[in-house]
Structure formats: C-alpha cells, structure tokens
1. Going through SER53, SER17, SER64, SER49 one at a time, which residue ends up being polar (S, T, N, Q), closer than 17 Å to THR121 by Cβ and in contact with a helix residue (DSSP H, G or I) (Cβ under 8 Å, 6 or more places away or on another chain)?
2. If I filter region 76-119 down to residues being hydrophobic (A, V, I, L, M, F, W, C) and open to solvent by 70 Å² or more (accessible area, probe 1.4 Å), which single residue comes out as farthest from GLY10 (Cα to Cα)?
3. Evaluate the following for ILE28: is it of a type in the set (A, V, I, L, M) and either in contact (Cβ under 8 Å) with a residue 24 or more places away in the chain or closer than 20 Å to LEU87 by Cα (or both)?
4. Residues to consider are PRO89, PRO108; find the one that is under 20 Å from VAL120 (Cα atoms), in contact (Cβ under 8 Å) with a residue 40 or more places away in the chain and more than 15 Å from the chain's Cα centre (by Cα).
5. Residue check, THR24 against (1) among the polar types (S, T, N, Q); (2) surrounded by 19 or more Cβ atoms within 10 Å (Cβ to Cβ); (3) out of contact with any strand residue (DSSP E or B) (no Cβ under 7 Å at 6 or more places or on another chain), all met but one. Which one?
6. Taking region 27-43, which residues are within 14 Å of GLY98 (Cβ to Cβ), out of contact with any Lys or Arg (no Cβ under 7 Å at 6 or more places or on another chain) and open to solvent by 20 Å² or more (accessible area, probe 1.4 Å)?
7. Tell me, yes or no, whether region 63-81 has at least one residue that is within 18 Å of GLN119 (Cα to Cα), under 12 Å from the mean Cα position of the chain (by Cα) and in contact (Cβ under 8 Å) with a residue 60 or more places away in the chain.
Amino acid sequence: QVQLVESGGGLVQPGDSLRLSCRTSGFILDDYNIGWFRQAPGRERERVSCISSFGDSSSYDADSVKGRFAISRDIATNMVYLQMNNLKPEDTATYYCGADVQSCNLAPTYWTYWGPGTQVTVSS
C-alpha cells in the first residue's frame with residue numbers, strides 16, 4: 001500500500017533552515033509526482049514545491065518560497081526532501097508530502113495520497 005510519512009518539522013527562528021523528509025513506500029517513486037504542500041489554520045492547502053515523475057522540479061515552486069525552498073528525491077532510498085532556507089513567520093504551517101500519478105499542477109484537492117503532516121513553526 002502507498003504510504004507517505006513526513007518528518008523534520010519543528011520550532012525555529014526567522015532566518016533558520018530546516019530539512020523536511022518524506023519517507024515513501026508501496027509504489028515506484030519515479031512513477032509519481034511528489035509534492036510538498038502546506039496548510040496554515042484558516043487557509044487552503046497550497047503547493048510549495050513539486051518534483052515530477054521525470055525528475056523536473058523547476059516549474060512548481062510557490063512564489064512565496066522561490067529561491068528559498070528546494071525539493072529533491074533519492075530513488076534508491078525512496079526518500080523525498082524539502083530543504084527550507086531563510087524561513088519566515090509566514091512559512092508557519094503543517095507541511096505535507098503528497099503523491100499522484102497525473103501532474104504536479106493538479107490542485108491539492110485532487111492529489112491521491114498524503115502523509116499525516118509535520119508542523120513547522122517559525123517564530124521569534
């Protein structure tokens with residue numbers, strides 16, 4: 001069965017960095033698009049980054065994180081990562097990894113598989 005489990009969240013100060021991990025199992029990683037999403041209280045879930053099944057990650061960053069966040073994957077270990085640099089208070093949210101066979105550009109509502117999320121809090 002498809003499983004996604006995030007880890008690496010925590011409480012950090014503005015300007016700090018975090019690396020989130022998504023451990024995947026139950027599917028061939030490079031058959032799927034893998035996205036990182038976040039949801040803050042009272043807000044819609046939004047895509048922050050995505051890597052396509054072909055390995056492309058250049059076209060899918062949210063404007064608010066461009067130049068600060070970078071997604072990557074390791075096919076050998078079934079891991080997906082989100083490197084987050086220069087964190088800002090507005091990055092505070094629950095972060096989820098998701099998987100779907102169709103497209104990185106699918107709205108979050110349509111993604112098939114999700115992890116349970118990991119909390120990132122950026123506060124001074």
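1. After ruling out the rest, the residue left standing is SER64.
2. Checked region 76-119; the qualifying residue farthest from GLY10 (Cα to Cα) is VAL101.
3. no
4. Result: PRO89 is the single residue among PRO89, PRO108 that is under 20 Å from VAL120 (Cα atoms), in contact (Cβ under 8 Å) with a residue 40 or more places away in the chain and more than 15 Å from the chain's Cα centre (by Cα).
5. The failed condition is (3).
6. Scanning region 27-43 gives PHE27, TYR32.
7. Among the residues of region 63-81, at least one is within 18 Å of GLN119 (Cα to Cα), under 12 Å from the mean Cα position of the chain (by Cα) and in contact (Cβ under 8 Å) with a residue 60 or more places away in the chain, which makes the answer yes.
The values are calculated or read from the model by the stated rules, or taken from the named source; none is laboratory data. Just so it is clear, the structure is predicted and the values come from calculations on it, not from any experiment. A quick note on method: Cβ atoms are made from the backbone with ideal geometry, for glycine too, and the neighbour counts reach across all protein chains shown. Surface areas here come from the heavy atoms of the whole protein model, side chains and all, with no ligands, DNA or RNA. Shrake-Rupley method; radii C 1.70, N 1.55, O 1.52, S 1.80 Å.
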